[in-house]
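The values are calculated or read from the model by the stated rules, or taken from the named source; none is laboratory data. Here the structure is a predicted model, which is why all the values come from computation and not from measurement. Quick reminder, even Gly has a Cβ in these numbers, built from the backbone with ideal geometry, and neighbours come from all protein chains shown. All accessible areas refer to the heavy atoms of the entire protein, side chains included, with ligands and DNA or RNA removed. Shrake-Rupley method; radii C 1.70, N 1.55, O 1.52, S 1.80 Å.
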Amino acid sequence: MKKAVLAVTLAAAVAAGSGNMPVWNGNTQKITSKTYMPVSASKDKKKTEEKEAKNSAQSVLEQAKIMYAQYNYDEAIKLLKSQKDFEKNKDYMDIAAKCQVAKASLVEYPIEKITHVFFHTLVKDTSKAFDGDSDSGGYNQVMTTIDEFNKIIQTMYDKGYVLVSLHDMATVNKDGTMSRGKIMLPKGKIPFVLSQDDVSYYHYMDGDGYASRLVLDENGEVKNEYIEDDGTVSVGNYDMVPLIDEFVKQHPDFSYHGRKGILAMTGYNGVLGYRTDIAYKTKENLQDNQREFLEKHPDFDYEADVAAAKKVADAMKTNGWEFASHTWGHKNATDSSAEELKADNERWEAYVAPILGKTDTIIFAFGADIGGWEGYSSDNPKFQYYKSRGYNYYCNVDSSQYFVQLSDQYLRQGRRNLDGYRMYYNPEMLSDLFDVSEVWDSSRPTPVPAM
Ligand SMILES: [Zn+2]
């Protein structure tokens, strides 16, 4: 996907430098630069073109190197061979040869042995999250601190873990049936799926030591904003998305074919820290904290928030991130009727999908699934509804190392919470991933409240 963006940028750059742009010659008529370009300008133009060709060769080489690092050998070879000067370029030939060799040693990894771990919004300031107010016990149970997260990811990387997508584990056929995916990795590498829930920066978290939203910085990179005590706004890597982006930049081999993670998104407080739900526009059925937000921000511009959220989401998708429905209203799908889930999903499709894009994945809120461990039967009305709306991938919460179920209708996977509760009460259940004693953030109050 990065390749497509780059291609567009290069095409635009080449078009801009091609001499087709009319220039003003200082007199009263327009002339083309091609006809009347002075010698010095022509020289500059040639220089620019040479520079662009060099840049383009550089970026092809860089892209191919990243593809090589991310086990994407076929794509790397394809990209290199599509270059006109392939056979004259020693760098291209070298990488293509390395890809051929590496490809021969790949082994298929069984999808039934793929674990899936998830986080909530990461705690940036533990003194605020764990300050003893009415929310801090819950945060201590279900949240993970940035410090813990960084150690977990580093440890998993050192052990050979590699980010893959649910869409690598199974593919959807044109008729809606599912087929087993084929994940090819070097021996010793361990694919896993990463997700994060509720990346909405809900109102109730304001002032509790979390980032306030995701933004694009001046370089077009996805970063977080964090509101400091004095009201100033810091921009940095304060939550999972920019932390993983940065980690993969440093360690491209942590990602399989450029995959990152999947974000499970509700809609009732908007998405990614933008107040994009329709209630902020109609001002109907507002919850107290939504009304309070609108009162505090009289200059709030609904359309601007929607546009900004979409820009961030688009950039994230280009960077390898995916989105799932977490239901619009954080619904318990076990307890809700099929009709209630339908009404809820219609809101997701109306007010979330236009921003994040249509998704074929549902990550159940509370981990509350629509069927038992045996699988979804064809007469399950909740499954029938979701499948009819294009959902093919279903995730619950399950503490076992592997829970993978593939039928010709769906892929189902259990997810493991790497949070304060699990680390405190069941460290042994995480020993395949990391050693809790090396990760635990000592600023957490203990005991972690029991569920
Ligand atoms: Zn949730």
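Odds and ends about this structure:
- Residue match in segment 251-260 (condition: at pLDDT 95 or above, among the aromatic types (Phe, Trp, Tyr), in a loop (DSSP other than H, G, I, E, B) and away from the ligand (no atom under 16 Å from the Cβ)): yes
- Pairs where the first residue, in segment 60-78, is on the phi < 0 side of the Ramachandran plot and the second is in a loop (DSSP other than H, G, I, E, B) and open to solvent by 20 Å² or more (accessible area, probe 1.4 Å), C-beta under 7 Å, 6+ apart: 60/83; 70/257; 70/258; 72/257
- Candidates 338, 343, 353, 365: the one that is closer than 20 Å to residue 261 by Cα and more than 16 Å from the ligand (Cβ to nearest atom) is 353.
- Considered as a group, the residues in segment 271-285 that are assigned to a helix (DSSP H, G or I) and not aromatic (Phe, Trp, Tyr) include one that is farthest from residue 198 (Cα to Cα), and that residue is 282.
- Checklist (1) hydrophobic (A, V, I, L, M, F, W, C); (2) in a strand (DSSP E or B); (3) under 24 Å from residue 328 (Cβ atoms); (4) more than 16 Å from the ligand (Cβ to nearest atom) applied to residue 194, failing item: (4)
- Look at segment 365-381: where a residue is without any contact (Cβ under 8 Å) to a residue 40 or more places away in the chain and a partner is open to solvent by 80 Å² or more (accessible area, probe 1.4 Å) and part of a helix (DSSP H, G or I), sitting 6+ places away or on another chain with Cβ atoms under 8 Å, you get 378/384.
- Residue check for residue 210: within 16 Å of the ligand (Cβ to nearest atom), over 18 Å from the mean Cα position of the chain (by Cα), part of a loop (DSSP other than H, G, I, E, B) and of a type outside the set (D, E, K, R): yes
- Only helices (runs of 4 or more DSSP H) whose full extent lies in segment 109-182 are considered here, and the ones with at least 3 residues that are over 16 Å from residue 247 (Cβ atoms) and more than 16 Å from the ligand (Cβ to nearest atom) are 126-129, 136-142, 166-169.
- Scanning segment 107-130 for residues that are touching a residue at least 12 places away in the same chain (Cβ under 8 Å) and open to solvent by 30 Å² or more (accessible area, probe 1.4 Å) gives 107, 108, 109, 112, 113, 120, 124, 125, 126, 127, 128.
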